[in-house]
Amino acid sequence: MSALITEPFPPKFKPYTRQTIHQARQWKWLPEEQRVAVQVVSHVLPFRTNAYVLDQLIDWNNIPDDPIYRLVFPHRDMLPPEQYAHLRDLVLVQRDKAAIDAYVHGIRLGMNPHPAGQMTHNVPKINDAPVRGLQHKYAQTVLFFPSAGQTCHAYCTFCFRWPQFVGMDDMKFDARESHELAAYLKLHPEVTDVLITGGDPMIMNTRQLAAYLEPLLEPGLEHIQNIRIGTKAVAYWPQRFVSDRDADDLLRLFERIVKAGKNLAVMGHYSHAVELRQDIAQQAVKRIVSTGATLRMQGPLIRHINEDPASWAELWQTGTRLGAIPYYMFVERDTGPRGYFELPLAKAHEIFQAAYQMVSGLSRTVRGPSMSAFHGKVVIDGIVSINGEKLFALQFLQARNPDWVRRPFYAKFDAEATWMDDLKPAFGHARFFFETDEPMPQLPHKIIRLAQAA
């Protein structure tokens, strides 16, 4: 394990929210219009940032166009003009809390708060009772949402899990105990991967995190080969892995998991190259991989944030040099303020292809652009012409039905399409092959047992 970088006074994490952002020195640098927009729109979308993001990642000479500013600060254009105008009046003039809450709730319900069947098709059961805080969409992988990890060091304005943070308790995933996870996994030997997600599990201290992870090392769960931790802390608070009080303890936890014979994969969420330019962010990567864990880099392609292929290429190249693995470029999901962030799929493919061409083979582990749609992860392989017809070439990288995986299929080219639901089948077909009225079969999977590390 790498030695801890010591500083005379390591920075302490301090979040800023709508109620406290005025305490940040940068607040007074914003034009009045921007400050009003933050106060209004943050009633709908969660707003939280911290001093590291404000001091190190945002170029305050480029407001409001700085990508990280747009990534964490709400903008008026994230709401339709009529909604913004009415909410602005409620917040600044009428100041009627009940009226604000009712209007905000209506706006949120119209934002598709749980896309891709998260609440209707992904929640597993034990003895016909839903298991709180778990999702099981693909046979091999279970998602676990520990209650102590259901916040982040800063919130992204595009986040598809925004209902976790805004008080929509009937739409929130959180597990208060870990024993149900272990019980469920013991009933499902086909599961090889557990993804600890949120929110951000790295908001927890090491003791809390260990309470969720260490039970996965116990007898009876040998079929769990991979433990993943989804986190944005690598970008928003890399101090978590370097200079926080229990940063060394955290890395020792990672080492114990690896020594126990599990693959520990830190799924690092990066949105822009600037997030990996800071020395401490690069130290965080080096310290994570020094434990034997892997760090995989992923993030969505977002209008206003990361449309520049050179930024993606820099991010992947820097990560590869530090020992991280470029993993996914996602298409922004159909939720939240999607009209503000979405890009046409044709443009997404163009950006991915341009960035891919700029990097060497070591960085070409990245896959994309990929849509995490209802039926599975669909990647845009290319734009092709077959018998004179311009088409999207697509395939499933992961699917509810495993027989669909890596099966090529085609959709009519649509320059305006931004999501899977916008696409029409090619060659005159009425439906895609996976669209059927029949229930999707739960097929058995062959499990390959791996020898435990000595």
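The values are calculated or read from the model by the stated rules, or taken from the named source; none is laboratory data. Being a predicted model, the structure only gives us computed values, none of them experimental. Positions of Cβ are backbone-derived with ideal geometry, glycine not excepted, and every protein chain shown enters the neighbour counts. Ligands, DNA and RNA are stripped out before the accessible areas are found, and what is left, the full protein with its side chains, is counted by its heavy atoms. Shrake-Rupley method; radii C 1.70, N 1.55, O 1.52, S 1.80 Å.
Could you calculate the FRET efficiency of R406 with S385 from 1/(1 + (r/R0)^6), where r is the beta carbon distance between them and R0 is 22 Å, rounded to 0.05? Mind dumping the intermediate values first?
On the way: r = 22 Å, r/R0 = 1.02.
Efficiency, rounded to the nearest 0.05: 0.45.
Please report Rg over Rh for the stretch 315-370, where both radii come from the alpha carbon positions and Rh follows the Kirkwood definition. The partial results should precede the final answer.
Working: Rg = 12.7 Å, Rh = 12.2 Å.
Looking at the stretch 315-370, the ratio lands at 1.04.
Give the aspartates and glutamates reachable from K424 as a straight Cα distance under 12 Å; neighbours fewer than 8 places away on the same chain don't count.
Once the sequence-local aspartates and glutamates are set aside, what remains near K424 is D414, E435.
May I ask you to give the percent of accessible area on the chain that is carbon plus sulfur, with a probe radius of 1.4 Å?
On the way: 9890 of 19900 Å².
C and S fraction of accessible area: 50 percent.
Quick one: accessible surface of K14, probe radius 1.4 Å, all protein chains present, in square angstrom to the nearest 10.
Answer for K14: close to 90 Å² accessible.
Between D101 and L217, what length comes free when the chain is fully extended (0.36 nm per residue of separation minus the Cα-Cα distance, one decimal in nm)?
Numbers: separation 116, 0.36 × 116 = 41.76 nm, distance 4.42 nm.
Separation in residues times 0.36 nm, less the Cα-Cα distance, equals 37.3 nm.
Among W312, L345, A293, flag the residue with its Cα farthest along the positive direction of the charge dipole of the stretch 272-381, charges on Cβ as +1 for Lys/Arg and -1 for Asp/Glu.
Farthest towards the positive pole: A293.
Could you sort the peptides 233-239, 192-198 by per-residue average Cβ neighbour count (10 Å cutoff), highest mean leading? Working shown, then result.
On the way: 233-239: 26.7, 192-198: 21.9.
Most protected by this proxy first, the peptides run 233-239, 192-198.
Take every Cα pair under 8 Å in the chain that's 6+ residues apart, average their separations, divide by the length, and report that relative contact order as a whole percent. Present the calculation step by step, with values, prior to reporting the outcome.
Values: 816 pairs, mean separation 56.3, N = 454.
Across the chain, relative contact order equals 12 percent.
Any chance you could look up the accessible area of M78 with a 1.4 Å probe, heavy atoms only, rounded to 10 Å²?
10 Å²
Would you mind working out the magnitude of the charge dipole of the chain relative to its Cα centre, with +1 at each Lys and Arg C-beta and -1 at each Asp and Glu C-beta, to the nearest 20 Debye? Could the numbers behind the result be given before it?
On the way: 50 positive and 48 negative charges, 168 e Å.
Using Cβ point charges on Lys, Arg, Asp and Glu, the chain gives about 800 debye.
With the cut-off at 1.5 for a/c, could you classify the stretch 311-409 from its C-alpha gyration tensor as rounded, prolate or oblate? Spell out each step's value before the answer.
Values: a/c = 1.43, a/b = 1.38, b/c = 1.04.
It comes out rounded by the Cα gyration axes.
Tally the DSSP beta bridges in the chain and give the antiparallel ones as a percent, rounded to 5. Each step should come with its number before you reach the end.
Details: 26 of 55 bridges.
Antiparallel: roughly 45 percent of the beta bridges in the chain.
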